[in-house]
Ligand SMILES: Nc1ncnc2c1ncn2[C@@H]1O[C@H](COP(=O)(O)OP(=O)(O)OP(=O)(O)O)[C@@H](O)[C@H]1O
Ligand SMILES: [Mg+2]
């Protein structure tokens, strides 16, 4: 990482490209410090994260509901896989125009876009995970007298945890992409806006170091979530239980 | 009252157009505390027989009684130990697996009592030092011992075992078989045990059921070899020879109904002659 920063700084100082388009690392850092001091970037980050939090939680709820229905009723499973085949390959951003028509610009549209972008990968992976729970473990559960929800909670969900975590990972990445992309397409409403809006605005005013600073923040958050949240979760669950090879 | 009773149990699997007869008119009765061993060629319905008894599969006709009550669903009075090495819950420790089953079976019991009992079952299978390991940290033989301890912890009336040691090496297997016999004589639980292995059947069983291809009972043999059974006992060799022949005959599909209607053979494995044990 340090090496990358040094190479960046060195290349920029060679002035192969105009400084306006490719600022040195040091001025990006300076701009980052500046933006943090002004408080704008923190507010924008918080705004983005709150939208993603809302969207992702809704998507998780909806996915579990869809999977429960699909496991209970074969007709629902067929419908779900048909929908999945059609809608999963659709880039989330492509439904933005429709969402804008139906719900106007604003946070609702962005949250819905996040739900849509995270729902499909989440559902695909949770459903696959639940279907591949070893039959023997389910039968041991039944033999012990578990049925219905107690079987789901005590056997199916823990056994499907590797797939659930994998789904959350992809869902989170998609949600993050969707929120940034959405704001760059139509901007923000009023004063509210997240990191996507921040990038858009800074580019508009040609504050290039700030654009790069915004990107650094996005990268940093991605790394933090991956390493602190997902790695931590895995280390204390599926890695410890020897379930992480799947 | 009989502990387990099969009354003309048949099971037909319909897969598409094809019908597979897995069990055909199987009848036998097990007294409490007996050790019954089912042998038969691959595909003769041994697993299906156990699964029907466990309530995981429904007979097509006939009925199965456990302590006089008809089997309709899985229950904790019949605990199954599977052949697969992945039957333990990987997210619980060795002790956690046993405790989980114990708490479900004995909701009335206090924490301390539960934990003491779980430890005593671990001790029974010789794994008290491994209580806090996760299943993926155990060898195959240890996993099967934990599965046995978990099943016994529920204090079932009948322990069902489907080739639990089949995927283990011969020495581990012999050791575990001996251990199982010790556990059986300590707990006096009724055992229905499936195996491919003739010697294992002769060492363990009070009664041997020989299933033939097509799922009918080829023989019901009281095993009257004296315990503890020694493989180098001459009577053992005779019994082995006889069982070997029966299994050979069981490999061929019955011609029409003739073989079936003759009924199962039911002579004791070693026929006692006047003046003491004599080799038949
Ligand atoms: N769920 C099922 N659907 C269709 N056929 C089945 C099913 N389960 C078992 N069978 C069939 O029933 C017959 C008996 O199978 P089973 O598994 O009971 O044999 P087995 O004696 O346990 O064999 P093995 O020694 O190989 O384990 C086989 O012909 C098998 O193909
Ligand atoms: Mg089998």
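For this structure, a couple of remarks:
- Here is the figure for segment A:199-246: residues that are within 14 Å of another protein chain (Cβ to nearest Cβ) and part of a helix (DSSP H, G or I) total 4.
- Conditions (1) surrounded by 13 or more Cβ atoms within 10 Å (Cβ to Cβ); (2) touching a residue at least 60 places away in the same chain (Cβ under 8 Å); number of the one not met by residue A:5: (2)
- Subset of segment A:51-91 [assigned to a loop (DSSP other than H, G, I, E, B), within 21 Å of the chain's Cα centre (by Cα) and farther than 18 Å from residue A:164 by Cβ]: A:89, A:90, A:91
- Residues of segment B:62-76 include at least one that is away from chain A (no Cβ under 14 Å), touching a helix residue (DSSP H, G or I) at 6+ places or on another chain (Cβ under 7 Å) and more than 21 Å from residue A:141 (Cα to Cα).
- Residue identified as touching a strand residue (DSSP E or B) at 6+ places or on another chain (Cβ under 8 Å) and either buried (at least 22 other Cβ atoms within 10 Å of the Cβ) or within 22 Å of residue B:266 (Cα to Cα) (or both) among B:94, B:81: B:81
- Positions within segment B:153-184 being within 16 Å of ligand 1 (Cβ to nearest atom) and either part of a loop (DSSP other than H, G, I, E, B) or within 15 Å of residue B:34 (Cβ to Cβ) (or both), in sequence order: B:160, B:161, B:163, B:164, B:165, B:166, B:167, B:168
- Any pair with Cβ under 8 angstrom, 6 or more apart, that starts in segment A:62-87 at a residue that is over 16 Å from residue A:129 (Cβ atoms) and ends at one that is loosely packed, with under 15 Cβ neighbours inside 10 Å: A:76/A:69
- Subset of segment B:147-157 that is surrounded by 21 or more Cβ atoms within 10 Å (Cβ to Cβ) and away from chain A (no Cβ under 12 Å) - its residue that is nearest to ligand 2 (Cβ to nearest atom): B:148
- Selected residue [more than 16 Å from ligand 2 (Cβ to nearest atom), more than 9 Å from every other protein chain (Cβ to nearest Cβ), at pLDDT 95 or above and in contact with a strand residue (DSSP E or B) (Cβ under 8 Å, 6 or more places away or on another chain)] from B:57, B:34: B:34
- Residue match in segment B:44-54 (condition: touching a helix residue (DSSP H, G or I) at 6+ places or on another chain (Cβ under 8 Å), within 21 Å of residue B:74 (Cα to Cα) and either within 14 Å of chain A (Cβ to nearest Cβ) or away from ligand 2 (no atom under 16 Å from the Cβ) (or both)): yes
- Leading residue by the ranking (nearest to the other protein chains (Cβ to nearest Cβ)) among those in segment B:21-31 that are away from ligand 2 (no atom under 14 Å from the Cβ) and not in a loop (DSSP other than H, G, I, E, B): B:30
- Selection status of residue A:123, within 14 Å of chain B (Cβ to nearest Cβ) and buried (at least 16 other Cβ atoms within 10 Å of the Cβ): no
- Count of segment B:1-20 residues which are within 21 Å of residue B:189 (Cα to Cα) and assigned to a strand (DSSP E or B): 3
- Restricting the first member to segment A:171-193 and to residues that are surrounded by fewer than 21 Cβ atoms within 10 Å (Cβ to Cβ), and the second to residues that are at pLDDT below 90 and not in a helix (DSSP H, G or I), the beta-carbon pairs closer than 6 Å and six or more apart or on different chains are A:186/A:105; A:189/A:105; A:189/A:106.
- Restricted to segment B:113-141, and to residues there that are in a helix (DSSP H, G or I) and over 18 Å from residue B:155 (Cα atoms), the residue that is nearest to the other protein chains (Cβ to nearest Cβ) is B:136.
- Test: residue in segment B:251-264 that is surrounded by 17 or more Cβ atoms within 10 Å (Cβ to Cβ), part of a loop (DSSP other than H, G, I, E, B), more than 16 Å from ligand 2 (Cβ to nearest atom) and at pLDDT below 90: yes
- Checking the stated criteria, residue B:68 turns out not to satisfy the condition of being within 16 Å of ligand 2 (Cβ to nearest atom) and more than 16 Å from residue B:160 (Cα to Cα).
- Within segment A:141-153, being within 7 Å of another protein chain (Cβ to nearest Cβ) and surrounded by fewer than 18 Cβ atoms within 10 Å (Cβ to Cβ) holds for one residue alone: A:145.
- Taking the criterion of being crowded, with 22+ Cβ neighbours inside 10 Å, within 16 Å of ligand 2 (Cβ to nearest atom) and within 14 Å of chain A (Cβ to nearest Cβ), the residues of segment B:158-191 that qualify are B:160, B:161, B:164.
- Single residue of B:22, B:101, B:29 found to be modelled with pLDDT of 95 or more and within 16 Å of ligand 1 (Cβ to nearest atom): B:22
- For segment B:106-117, the condition holds for no residue, the condition being that it is surrounded by 15 or more Cβ atoms within 10 Å (Cβ to Cβ) and within 23 Å of the chain's Cα centre (by Cα).
- Test: residue A:138 is more than 28 Å from residue B:57 (Cα to Cα), within 14 Å of chain B (Cβ to nearest Cβ) and surrounded by fewer than 21 Cβ atoms within 10 Å (Cβ to Cβ): no
- Which numbered condition residue B:192 misses (of (1) away from ligand 1 (no atom under 16 Å from the Cβ); (2) modelled with pLDDT of 95 or more): (1)
The values are calculated or read from the model by the stated rules, or taken from the named source; none is laboratory data. Fair warning: this is a prediction, and the values are worked out from it, not measured in the lab. For neighbour counting, all protein chains shown are included, and Cβ atoms are generated from backbone atoms with ideal geometry for every residue, glycine included.
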